[in-house]
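Chemist: Got a structure here, written out as C-alpha cells. Questions coming.
Rule-based calculations on the coordinates, nothing more; no lab input. This structure is a prediction, so every number in the text was calculated from the model and none was measured. Note that we place each Cβ from the backbone using ideal geometry, even for glycine, and neighbour counts take in every protein chain shown.
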Amino acid sequence: MYSKKIIEEFTNPKNVGIIEDADGVGEIGSTIDGDVITVYIKVDDDVLKDVKFKTFGCVVAISTSTMVTQLAKGKTVEEALAISNEDVQDALGGLPKGKDRCSGFALDALHKAIEDYRNKS
Amino acid sequence: MMDIMKRIYMDHSATTPVDPRVVDAMLPYFTEKFGNSSSLHSFGQEAAEALSMARGHVADSIGAREEEIIFTSGGTESDNLALQGVLSREPGKRQHIITSVLEHPAVLSTCDFLKSIGHDVTYVPVSSEGIVDVGDIERAIRDDTVIISIMHANNEIGTIQPIEEIAKIAKDNDVYLHTDAVQSVGKIPVDVDQLGVDMLSISSHKLHGPKGVGALYVREGTSLTPVIFGGGHESGLRPGTENIAGIVGFAKASSIAKERLGTDPARMGRLRDALIKKVFNTIDDVRLNGHATQRLPNNANLSFRHVEGESMLMLLDIAGIAVSTGSACSSRSQHASHVLDSIGLDPDYIHGSIRISLGRENTMDEVDYLAEALQETVAKLRQISSPVEC
Ligand SMILES: Cc1ncc(COP(=O)(O)O)c(C=O)c1O
Ligand SMILES: [Zn+2]
C-alpha cells in the first residue's frame, strides 16, 4: 500500500513540464520497462533556479519525480547532487516493497541533468 | 452525476460479491447442519444430502452428471488436479502436455513443476487477437502426448478459445482435453458435451459464490489419480472433509448464474460495447486488446498510449472505480503481463493497459461515469508524461 503522502504527491504533482531553454536535461528508463523520466534544470549562479519533469510511469515514478524536483529546486548544484534516495523516500513517507527498481529513477535523471549541465558549461 | 462517495466495482474477473441468496443458503451449514458427511448419524446424513444436492446443481449448470463433479478448493486446485492427476498415473514415465502461452498461472506454474520432474510441455502461441491456432495444437501432438489443456476464456483479455474444434483433435488422437473455464462459467453458456472436454475447472468466487471452493468436472471413464492423499472423499480424488457450507453456496451461485444466462450476457455486452464506443470517441491512441467478437461479454481490456496502467488504476480508484491492470512497470514483475506479451502488443501501449470486467450489478450510469473518469485520467497522465507540452 502507498503512503498518504505518495498518493497526495501523485495526484497533485508539482513541477510538471519542460524547460525549453534548459541548461541540463537527463533522461532515464525505457518504454520497454515502463518508466521513462526526463528532468530539466535551469541553473543560475550555481543554483537550480528551476527544475521540471516529464514522467511516463507508475505511481512511484511520478511521485518520486515530483518529490525530487521539489527537493532540488533552489539548491546549489553540489547540494542537489547530495540528495539521496533515502531523502526522497523519507519525504514520501516510505515506499512499499517491490518498488525498489524504479524508486531511484527520478534521482538518477536529476543527476544526469546536472552532468549534462556540467558537460555543457 | 454519480454520487462521489459511491464505489463502483468493475473487477469481476478478479472476484465477485457473494449473492445474498447464496449467503442465506450457506448459513445453516455452519451452525445447525454442521455434520460431517461421512458420519452415519442424522447430522452426517444432513450434510451428505446437502453435498449430493449441491453436486447435482453444479453438474446441471454445465450439462454434466452428478458423479462427474469433484469439489475442490477452487480453480487453482482444479487445474492442478487435472494436469498432475493425469501425468502421475504413470510415475517416472516421461509424458507430454500441450498448453498455450495464454494460460492462467494455475496451469502455467503446474506445467513448470511437471517439467521440473522430467515431463515435456509444448506452449502453442496465440494470434495478435489472442486466439490459438487449432492447427498448431494438432501439429504439436506426439506419441507421448497425454493431455491438452487450453483455457476456455482468458482472464485478462477475455478471448474465447475454439474448444469444440480442439476437442475433435484430442478425441481423434486419444488425448485428454482439459479446459480452465473459471472465467467463462456463469458468463456464457458452458456445456461439457457441447465443448467435448474430458475435464473442466470451475471456481465459485468468480460467479457470485464464496471463495475457496470450486470443482473439477471429470468425464466418466477418465482415468485420474489424486494429488493429495487421505480418506476416500470425492471418489478418492480429493480427500478431506468437505467444505459443505462453501459447496452449498457454490451450488446456489451456479444455479442462479445458469438462470441468469438468458439475460446477463446480452446486458453486459451492451454495457461493454457502449463503454468501448465512448472511450474510442473521447480518447485518442487507444486499443482494444483481444478479439473483437470472440470474447467474454463483460470484458474490455484497453491500452492507452503514453499512460501507465498502475497510475491509471490509482486515479480511477480515487474516483471510486475499481478496475485492474495487467501491465506494470518492470519493478513489480519482470515483464508486463505474459498475456499482453503473447499477443505482441506494441511497447508504446503494453504498459498502459487496464482490464474492465463488468458484473450483474453494473449500470449504464456507471459505465458513463467510468468513461468520463477515464477521459480525465488519461488526459491528466498524458499531461505528465507527454514529451511535448499539451
Ligand atoms: C482463468 C483462471 N484460472 C484459475 C484461477 C484461479 O482460481 P481460484 O482463485 O479459485 O484458485 C483464476 C482466478 O484468478 C482464473 O482467472
Ligand atoms: Zn515503476
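Chemist: Determine, for each peptide in B:160-173, A:12-25, the mean count of other beta carbons within 10 angstrom over its residues, then list the peptides with the highest first.
Modeler: Final packing ranking: B:160-173, A:12-25.
Chemist: Let me know the charge dipole size of chain A about its Cα centre in debye, to the nearest 20, where only the beta-carbon of Lys, Arg (+1) and Asp, Glu (-1) is charged.
Modeler: Dipole about the Cα centre, nearest 20: 420 debye.
Chemist: Moving to a separate point now. Choose one of B:209, B:175, B:188: the residue whose Cα lies farthest towards the positive end of the charge dipole of segment B:171-211 (beta-carbon charges +1 Lys, Arg; -1 Asp, Glu; about the Cα centre).
Modeler: It is B:209.
Chemist: Specify the inter-centroid distance of segment A:43-98 and segment B:1-61, based on alpha-carbon positions, in whole Å.
Modeler: Here the answer is 52 Å between Cα centres.
Chemist: So, one more: For chain A, set up a GNM with springs between Cα atoms under 10 Å and report which of A:99, A:73, A:52 has the largest fluctuation.
Modeler: Most flexible of the set in this elastic network: A:99.
Chemist: Ranked from highest to lowest mean number of other Cβ atoms within 10 Å per residue, what is the order of the peptides B:340-346, B:82-88, A:81-87?
Modeler: B:82-88, B:340-346, A:81-87
Chemist: Now for a separate question. Please report, to two decimal places, log10 I(q)/I(0) for the protein assembly as shown at q = 0.11 Å⁻¹ as given by the Debye formula with identical point scatterers on the Cα atoms and no solvent.
Modeler: -0.96
Chemist: Give a quick list of GluC sites (Glu not before Pro) in segment B:176-267 that DSSP marks as loop, anything other than H, G, I, E or B, with at most 10 other Cβ atoms within 10 Å.
Modeler: The qualifying sites are B:220.
Chemist: Within a 10 angstrom radius of each residue's Cβ in B:309-320, how many Cβ atoms of other chains show up on average? Whole number is fine.
Modeler: That average works out to 3.
Chemist: Which is the longest run of chain B containing none of the chymotrypsin sites (Phe, Trp or Tyr not before Pro) found in DSSP loop states (not H, G, I, E, B) with at most 16 other C-beta atoms within 10 Å?
Modeler: Answer from the scan: B:35-228.
Chemist: Oh, and also: Roughly how many debye, to the nearest 20, is the charge dipole of the protein assembly as shown about its Cα centre, given +1 on each Lys and Arg Cβ, -1 on each Asp and Glu Cβ, and no other charges?
Modeler: 620
Chemist: While we're looking at this one, here's another question. With the contact rule set at Cα under 8 Å and sequence spacing of 6 or more, what percent relative contact order holds for segment B:20-260?
Modeler: Normalised by residue count, the contact order of segment B:20-260 is 27 percent.
Chemist: Same structure, new question: Please state, as a whole number in µm²/s, the translational diffusion coefficient that the Stokes-Einstein equation yields for chain B at 25 °C and 0.890 mPa s, with Rh defined as the Kirkwood radius across alpha carbon pairs.
Modeler: Reported coefficient: 112 µm²/s.
Chemist: Another question about this same structure. Just going by the charge dipole of segment A:1-49, with Lys and Arg at +1 and Asp and Glu at -1 on Cβ, which of A:31, A:1, A:12 is farthest out on the positive end?
Modeler: Positive-most Cα among the choices belongs to A:1.
Chemist: Could I ask something else about it? To check my understanding: the extent here is largest minus smallest coordinate of the Cα atoms along each principal axis. What are those three numbers for segment B:96-247, in Å, largest first?
Modeler: 43, 34, 29 Å, listed from the longest principal axis down.
Chemist: To the nearest 20 debye, what charge dipole does chain B have about its Cα centre, counting +1 at the Cβ of each Lys and Arg and -1 at the Cβ of each Asp and Glu?
Modeler: Taking the Cα centre of chain B as origin, the dipole is about 360 debye.
Chemist: Which residue, B:311, A:71, B:322, has the largest displacement toward the positive end of the dipole of the protein assembly as shown when charges sit on each Cβ (Lys, Arg +1; Asp, Glu -1)?
Modeler: The one lying farthest along the dipole's positive direction is B:322.
Chemist: Still on this structure, please answer the following. Using r as the Cβ-Cβ distance of residue B:241 and residue B:6, and R0 as 56 Å, what FRET efficiency do you calculate, to the nearest 0.05?
Modeler: 0.85
Chemist: Follow-up. Taking chain B as a Gaussian network, where each spring joins two C-alpha atoms under 10 Å apart, which residue of B:241, B:377, B:15 fluctuates the most?
Modeler: Checking each option, the largest mean-square fluctuation is seen for B:241.
Chemist: Per residue of A:58-65, what is the mean number of Cβ atoms on other protein chains within 10 angstrom of that residue's Cβ?
Modeler: Average per residue, whole number: 5.
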